[in-house]
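Worksheet: one structure, shown below.
The values are calculated or read from the model by the stated rules, or taken from the named source; none is laboratory data. Fair warning: this is a prediction, and the values are worked out from it, not measured in the lab. All Cβ positions, glycine included, derive from the backbone under ideal geometry; neighbour counts span all protein chains shown. Note: areas computed on protein heavy atoms with side chains; ligands, DNA, RNA excluded. Shrake-Rupley method; radii C 1.70, N 1.55, O 1.52, S 1.80 Å.
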Amino acid sequence: MKILDRYILTSFTTTLFTVFAILYFIFILQGVWLFITELAGKDLDVIVVIQFLLFYSPKMVQLVLPLSVLLASIMTFGSFAENYEFAAMKASGISLARAMRPLSIFITLLAIISFWFANDVIPKSEFKFINLRREIMQTKPAMAIAQGQFNEIGNANIKVDKKTGDKGQYLDNVTMHIRNTGGFENKAVIRSVDGELESNESSNLLKLHLYDGNYYEDIEGKTYNQKKKYPFVKAKFDRYTLNMDLGALNPNTDDQDAISNTHHMLNVSQLNYTIDSLDTNIENNKISNVDNLTIRINNLYPSARDTIFTYYKVAPVDILADFELINQQRILQTAQEYTSNQVFNADTNDATILAQKKHINSHHLALYQKFVIAFSCFLMFYIGAPLGAIIRKGGLGLPMVFAVIIFISYHFINTFGTKVAQEDGMPPILGAWIGPLALTPLAVYLTYVATKDNGDVNFSAPIDFIVDLFNTLKNKIKAKKGSEKLEE
């Protein structure tokens, strides 16, 4: 390795590791802030707290690494340009592309390591994190519920205004929403003045005792007319006890190194296998729904033939005219109830299929994001390195401003795409890659400008184009209105 290559690589890696360590620490503090109130004052050992943070922290790498590469690239190449080191390189016949060559090889290795980390380390750490949290909840039941927000435990969402007691086991103003078996809508609502949590280290159940409250539950009507009335049951209680399964946070397995069937805890091969199984399952459900609908339609005719219906090869214009008035009313009522039941069944099937589709989308997104984190290393480097050479500023001032603006834009677009794709608003592959696709033209443009030794970057060109287009349309509208007035 040449001395120049070694110097560039040393400068970049030193800055990268320093920036990564600082940002990683900041992101971990921001992430564990949600859990700090649950960890503090619970008589937990220091080792347990350290394990908690260690198992939680790997997921932060997929956020910290791209930002670190971007900021380190801007700082390193900005410092080279500011100190006229690039000028010396160019005078010696070394171009920017040649100076970036050793770092391109380093970024390639970093991308491979980041993919391995996202595919192997993060799923295992996520599994161990959830298992550790579950163990803490068994010994400290208050960990299961954070005050002031809804907490999902199994098929229930619970919210408490305040927790008291040495272990936070006493609850004030409890609100619970209990979902139905499919988990798609709320079945019951429970409100109580206070409550108490109770757990046993040998049991996986968390007992919730509620005092002085009311219970509301929707009743599923058997007919369409009963469903239209939205019946429900209300009951008042002095004490009500619910058993909640802490294993809902993560299935309890004998092998502590096994990865549960959750998309955050699966590697690429496991995700591919799971997605294939889920696709097969949803296709079978669609076929089953169509078959059931067909059976219901076919079952209508034998019963109808035995009562009042007559079959026609060609239906008359007024098919009800051949029936008596009382039978006409019966026919219309039967048709209305049957149609309403069919619509209700179809809507229920659609909701079930949509929920399954969202579940599959989550697995697709988890699969693609493992590759996105590797590509983002290249993307941020080829944005940061030429941008640093163009702005000619090192340090933490201007480079930090550019890095934050670019990364926030990237993160916002990624989050937007992920949420939309998860709700089946766009293909999962587009939702996962929309952030890199949006910034890739910027990386290409900056690299082209910097390697052509052109330091004048016209960032306002897209804006000027839009303004010119708007002015052109505005002038055309004015001209059209003027011609209309002349004609009048």
With every protein chain left in place and a probe of 1.4 Å, what is the accessible surface of HIS264, to the nearest 10 Å²?
100
For region 343-363 and region 76-122, compute the distance between their C-alpha centroids and round to whole Å.
47
When every protein chain stays in place and a 1.4 Å probe is rolled, TYR216, TYR7 sorted by accessible area with the largest first are TYR7, TYR216
For region 49-114, the convex hull over Cα atoms projects on average to an area in nm² of 5.8
Checking the table LYS163/LYS207; LYS163/LYS419; LYS187/LYS357; LYS162/LYS207; LYS124/LYS187 against a 24 Å threshold on Cα-Cα, which pairs fail?
LYS163/LYS419; LYS124/LYS187
Rough spin-label spacing in nm, given labels placed 7 Å along Cα→Cβ, for PHE17 and VAL193:
6.2
So, R0 is 51 Å and r is the distance between the beta-carbons of ASN292 and GLU152; what FRET efficiency does that work out to, to 0.05?
0.95
Using alpha carbon coordinates only, what is the Rg to Rh ratio of region 85-133, with Rh defined as the Kirkwood radius?
1.42
